[in-house]
1. Beyond 21 Å, how much of the Cα-Cα pair distribution for region 89-154 remains, as a whole percent?
2. Which lysines have a Cα less than 22 Å from the Cα of Lys82, not counting those fewer than 8 places away in the same chain?
3. What area, in nm² and to one decimal, does the C-alpha convex hull of region 66-117 cast on average over all directions?
4. For the peptides 30-43, 138-151, 86-99, what is the packing order when you average, over each peptide's residues, the other Cβ atoms within 10 Å and list the highest mean first?
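No lab work stands behind these numbers, since they all come straight from the coordinates. Given the structure is predicted, the values throughout are model-derived calculations rather than measurements. Because the Cβ atoms are built from the backbone with ideal geometry, glycine has one as well, and the counts that use them run over all protein chains shown.
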Amino acid sequence: MSTPTSDEVAIIKTSQGELVLEFWTDVAPQTVANFKKLANQGFYDGTAFHRIVRGFMIQGGDPLSKDQSMENRWGTGDPGYKIKAEFNAKPHQRGVISMARSSNPDSAGCQFFICLGDAAFLDRQYTAFGRLIRGDENLGRLGDVATRVASGGEKSRPVERQHVESIRIVERATLG
């Protein structure tokens, strides 16, 4: 298990309850800083977990997912810039948060995913930047929702919208 590397945590309020994640600033400092910046700007508020693959991961953070009429483009949105990958030795296990990207390693911007199980094939190829410390039962509920085929042909689009109400960055000490 990783030791805490940041005195701040993210509280993600979702349609299935809260997820609390700690950050790994020691291995992904720029990625953590970018995620915190976007969260503090309210960028993620109102987005959806637009891609859920049972037993694998839940993906969110796309600003286009705020607009139902843009559904055929969900998964392509970004904040208007890309960040450099910070591949590291942290394993992709249940509860690990990592940056989603295209085939270009340096194409991440705002979309992230949280692993529902071990995904060692992603290790050192995606930027893992933190892990779930509270709310595993809520992560499980998100991962178990019914899905349908999305525009790309993958059975990963939640039948009922699974939303991110808000992401707040708070001091770990305030968790109680």
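1. 31 percent
2. Lys36, Lys37, Lys66, Lys90
3. Value for region 66-117: 4.5 nm².
4. Final packing ranking: 86-99, 30-43, 138-151.
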